[in-house]
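Single-structure report; data block below.
The values are calculated or read from the model by the stated rules, or taken from the named source; none is laboratory data. Note that the structure is predicted; figures quoted are calculated from it, not measured. Neighbour counts are summed over all protein chains in view; Cβ atoms, including those assigned to glycine, are modelled from backbone coordinates with ideal geometry.
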Amino acid sequence: MPLFLIPRDDIQVIDDSSSSDEPEIPTMEQQMNNLSVQDEPVASPVSEPRKQKKKKVLLMGKSGSGKSSMRSIIFSNYVAKDTRRLGATIDVDLSHVKFLGNLTLNLWDCGGQDAFMENYLSQQRQHVFSNVGVLIYVFDIESRDFDRDLLTYRSIITALSQFSPGASVYILIHKMDLVVPNQREDIYNDRVALIQSKSDSFNATPFATSIWDQSLYKAWAEIIHDLVPNLDQIEKDLGNLGKIIMAEEILLFERSSFLVVSSWASDIGKLNPTTDRFERLSNIIKNFKQTTSRYTGTPKSAEQFNLLELKLQTFSLFIQKFTTNTYLAVVLPPGETTFNCAQLNCALARSQFEDLDSPPKRSADRGATASGEASAV
Ligand SMILES: Nc1nc2c(ncn2[C@@H]2O[C@H](COP(=O)(O)OP(=O)(O)OP(=O)(O)O)[C@@H](O)[C@H]2O)c(=O)[nH]1
Ligand SMILES: [Mg+2]
């Protein structure tokens, strides 16, 4: 079978003259090694010009509800059991997360103890609630005083409508693992109905979550999906690539959180009955990276693999480091030739996607944080 070269109209073929980094496709190994991360120093947030794609994300909820735990798992390579070591957050823990494209998440992890909550609602009201892009409010399903939690939520919503009426609101009904499985749905639906009735004009999107399964990834992937710029174009290009390499499914992962930010499936891929496969894969890969780190001694935040291949009788899969901020997972029908062609073409397609997920060349905030983790400011 011939090598499928990607038509120039659809996916830009690497042009040697425009990129001195790229080899002349000598071997697959060199290709893969060349998919290096191009981190550049992160400019100080003070000196950075304000850009539209900077999003202020408020993470709120009462103390012990699990806010810092989820933040550490999604953005700082913690596994669930590591979160038992976390202490209560004092005031606001601010992180500056470089994400796809120009998107920077300014993540405000707001300590939930009463004194802090009162302070956010009074002295710091304008400071905390203005220019908010997203509010993620975490409810502890085990809370013994849900009425009080609702009152606090109501006050937060009032402050948000005052200073950021255009913000998106997500409510996470968290620690679902602590509820017996046959009661989960009923309790969840009751809580959601009550919370939504206190959400004013905000259309609060609910999720049931737990740090002990993949539900956390589903919630955060959907939240991030709503925030990523250029998504239409990315999805279109993924579809073109998928058709050319005869893939059944393609997933684009953000490289440090391993959240699925975009995907495409063929007609066959759409028949896959495992509807939670994206978040399952995120969870599996994060845990795989943890294990690799433990047994190889590499830092948790390091890039631990360039390429992962899986060849089974019914399908093949590879996950490869793709652009500066992404990994690409490709599911294919079995067959060595299709597999090799697909890998080569994905490597060739990188430059097209790098253009999409990087800010303009001379911008101060190009690339991800050097560690790939949230860095405190
Ligand atoms: N069972 C269970 N425990 C969880 C879950 N998420 C977090 N926890 C535990 O809840 C405890 C408190 O978590 P934190 O993340 O520190 O809570 P917080 O909301 O940041 O609290 P403050 O910083 O005081 O506002 C930790 O011991 C976590 O291990 C979950 O989904 N299920
Ligand atoms: Mg905390």
**Message:** Looking only at residues that are touching a residue at least 40 places away in the same chain (Cβ under 8 Å) and in a loop (DSSP other than H, G, I, E, B) in the stretch 303-336, which one is surrounded by the fewest Cβ atoms within 10 Å (Cβ to Cβ)?
**Reply:** 333
**Asked** Could you give every pair whose Cβ atoms fall below 7 Å, whose first residue belongs to the stretch 52-68 and is more than 9 Å from residue 110 (Cα to Cα) and outside any helix (DSSP H, G or I), and whose second residue is within 7 Å of ligand 1 (Cβ to nearest atom) and basic (Lys, Arg), counting only separations of at least 6 or pairs across chains?
**Response** 66/175
**Request:** Quickly run through the stretch 231-259 and pick out the residues that are farther than 30 Å from residue 299 by Cβ and either in contact with an Asp or Glu (Cβ under 6 Å, 6 or more places away or on another chain) or not aliphatic (A, V, I, L, M) (or both).
**Result:** 232, 233, 235, 236, 237, 239, 240, 242, 243, 248, 249
**Message:** Need the failing condition index for residue 373 against (1) in contact with a Phe, Trp or Tyr (Cβ under 7 Å, 6 or more places away or on another chain); (2) at pLDDT 90 or above; (3) among the acidic types (Asp, Glu), just the number.
**Reply:** (2)
**Asked** residue 99: away from ligand 1 (no atom under 13 Å from the Cβ), in contact (Cβ under 8 Å) with a residue 40 or more places away in the chain and aromatic (Phe, Trp, Tyr), yes or no?
**Response** yes
**Prompt:** Does the stretch 164-172 contain at least one residue that is touching a residue at least 24 places away in the same chain (Cβ under 8 Å), under 26 Å from the mean Cα position of the chain (by Cα) and within 16 Å of ligand 2 (Cβ to nearest atom)?
**Reply:** yes
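Just name the residue that is nearest to ligand 2 (Cβ to nearest atom) out of those in the stretch 74-94 that are touching a residue at least 40 places away in the same chain (Cβ under 8 Å) and either assigned to a loop (DSSP other than H, G, I, E, B) or more than 23 Å from the chain's Cα centre (by Cα) (or both). Step through it out loud before you land on a result.
Here is the first cut: in the stretch 74-94, the ones touching a residue at least 40 places away in the same chain (Cβ under 8 Å) are 74-77, 79-80, 83, 93-94.
Still in the running and either assigned to a loop (DSSP other than H, G, I, E, B) or more than 23 Å from the chain's Cα centre (by Cα) (or both): 76-77, 79.
Working: 76: 13, 77: 17, 79: 17 Å.
The qualifying residue nearest to ligand 2 (Cβ to nearest atom) is 76.
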**Request:** Examine the stretch 209-226 for a residue that is more than 22 Å from residue 141 (Cα to Cα) and of a type outside the set (Val, Ile, Thr), and state whether such a residue exists.
**Result:** yes
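Could you grab me the full set of residues in the stretch 235-272 that are part of a loop (DSSP other than H, G, I, E, B) and of a type in the set (Ser, Thr, Tyr)? Break it down into steps so the answer makes sense when it comes.
Just the residues of the stretch 235-272 that are part of a loop (DSSP other than H, G, I, E, B), to begin with: 245-248, 255-259, 266-268, 272.
Listed by number, the residues that qualify are 256, 257, 266.
Looking at the stretch 52-77, which of its residues are near ligand 1 (Cβ under 10 Å from one of its atoms) and of a type outside the set (A, V, I, L, M, F, W, C)? Walk me through how you get there before you give the answer.
Kept after step one, since they are near ligand 1 (Cβ under 10 Å from one of its atoms), are these residues of the stretch 52-77: 59-73.
Residues satisfying the conditions are 61, 62, 63, 64, 65, 66, 67, 68, 69, 71, 72.
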**Complete:** Filtering the stretch 273-288 down to residues that are assigned to a helix (DSSP H, G or I) and more than 16 Å from the chain's Cα centre (by Cα) yields 288
